[in-house]
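Trainee: Pasting in a structure now, in structure tokens, and then I'll have a few things to ask.
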Amino acid sequence: MLAGNIMRGQHGFSLVEMIITVAILAIIAAIAVPSFTNMIQNTRIRTAAESIQNGLQVARAEAVKRNAKVKFQLSDVDSSWVVCEVANVADDCPGEEEIQSRSTSEGSTANVTATVVPAGNTAVIFNGLGLIEQGTNPFTQVDVDMSETVMSAADSRELRILLGAGGSIRMCNPNLGEDDPRAC
């Protein structure tokens with residue numbers, strides 16, 4: 001008898017409660033989607049910047065390991081790159097000895113742009129000591145950002161990779177204040 005009364009008191013969700021729950025979830029999702037999209041695009045920028053930085057570090061380490069000239073060649077249109085051993089400074093990558101490469105299809109870096117400074121030179125050559133080869137006019141920085149057709153400049157978190165004269169490689173954020181250690 002007591003079990004029957006307990007069973008009658010339990011009910012499921014009403015249709016009104018279910019509709020209200022779905023409406024609240026839809027509102028929360030509509031608010032979260034733009035932020036989530038920006039987060040994904042900024043992650044793509046970071047992935048491309050880290051890839052370029054890692055490629056430069058591989059080129060420098062291989063130059064020291066092989067005691068030879070190793071060239072890092074960045075694509076002039078996107079964030080793809082190739083590292084190869086070269087006999088002469090004028091040799092192109094991929095040369096006879098390709099060490100490592102990365103295409104834009106790897107790592108979901110579509111619509112990411114990499115701009116070198118000074119413009120026009122997309123290569124860096126490291127010598128057997130891990131230093132930048134003299135007289136090669138290498139790029140000194142790479143700015144990695146998202147195409148403005150995909151993401152506004154205000155939402156984009158661009159990153160910069162700096163090459164020091166001694167071959168040091170550093171990634172920084174040009175939009176941060178001078179007091180922040182991540183700033184350029």
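The values are calculated or read from the model by the stated rules, or taken from the named source; none is laboratory data. All values derive from a computational prediction rather than experimental measurement. A quick note on method: Cβ atoms are made from the backbone with ideal geometry, for glycine too, and the neighbour counts reach across all protein chains shown.
Trainee: Take Asp155 and decide whether it is among the acidic types (Asp, Glu), touching a helix residue (DSSP H, G or I) at 6+ places or on another chain (Cβ under 8 Å) and part of a loop (DSSP other than H, G, I, E, B).
Mentor: The answer is yes for Asp155.
Trainee: Could you list, in sequence order, all residues of the range 141-151 that are buried (at least 19 other Cβ atoms within 10 Å of the Cβ) and not in a loop (DSSP other than H, G, I, E, B)?
Mentor: Of everything in the range 141-151, those that are buried (at least 19 other Cβ atoms within 10 Å of the Cβ) and not in a loop (DSSP other than H, G, I, E, B) turn out to be Val142, Val144, Asp145, Met146.
Trainee: Of Ala154, Ala183, Ala87, Ala114, which residue is within 23 Å of Ile45 (Cα to Cα) and surrounded by fewer than 13 Cβ atoms within 10 Å (Cβ to Cβ)? Explain how you work it out, then say what you get.
Mentor: Values: Ala183 fails: surrounded by fewer than 13 Cβ atoms within 10 Å (Cβ to Cβ); Ala87 fails: within 23 Å of Ile45 (Cα to Cα); Ala114 fails: surrounded by fewer than 13 Cβ atoms within 10 Å (Cβ to Cβ).
Checking each option against the conditions leaves just Ala154.
Trainee: If you don't mind, there's one more thing I want to ask. Among the residues of the range 42-100, write down those that are of a type in the set (Ser, Thr, Tyr) and modelled with pLDDT of 85 or more.
Mentor: Correct list: Thr43, Thr47, Ser51.
Trainee: Also, I was wondering about something else. Does the range 115-134 contain any residue that is among the β-branched types (Val, Ile, Thr) and modelled with pLDDT under 85?
Mentor: No; the residues of the range 115-134 include none that is among the β-branched types (Val, Ile, Thr) and modelled with pLDDT under 85.
Trainee: Which number in (1) surrounded by 15 or more Cβ atoms within 10 Å (Cβ to Cβ); (2) assigned to a loop (DSSP other than H, G, I, E, B); (3) in contact with a helix residue (DSSP H, G or I) (Cβ under 8 Å, 6 or more places away or on another chain) marks the one condition that Pro138 misses?
Mentor: Only one criterion is unmet by Pro138, namely (3).
Trainee: Given Ala90, Ala68, which one is of a type in the set (A, V, I, L, M), without any contact (Cβ under 8 Å) to a residue 40 or more places away in the chain and farther than 16 Å from Ala114 by Cβ?
Mentor: Within the list Ala90, Ala68, the selection yields Ala90.
Trainee: Tally the residues that are within 15 Å of Val117 (Cβ to Cβ) and either part of a strand (DSSP E or B) or touching a residue at least 60 places away in the same chain (Cβ under 8 Å) (or both), restricting the search to the range 161-170.
Mentor: The qualifying residues number 5.
Trainee: While we're on this one: Looking at (1) modelled with pLDDT of 80 or more; (2) under 19 Å from Ile52 (Cα atoms), find the lone condition where Ser147 falls short.
Mentor: (1)
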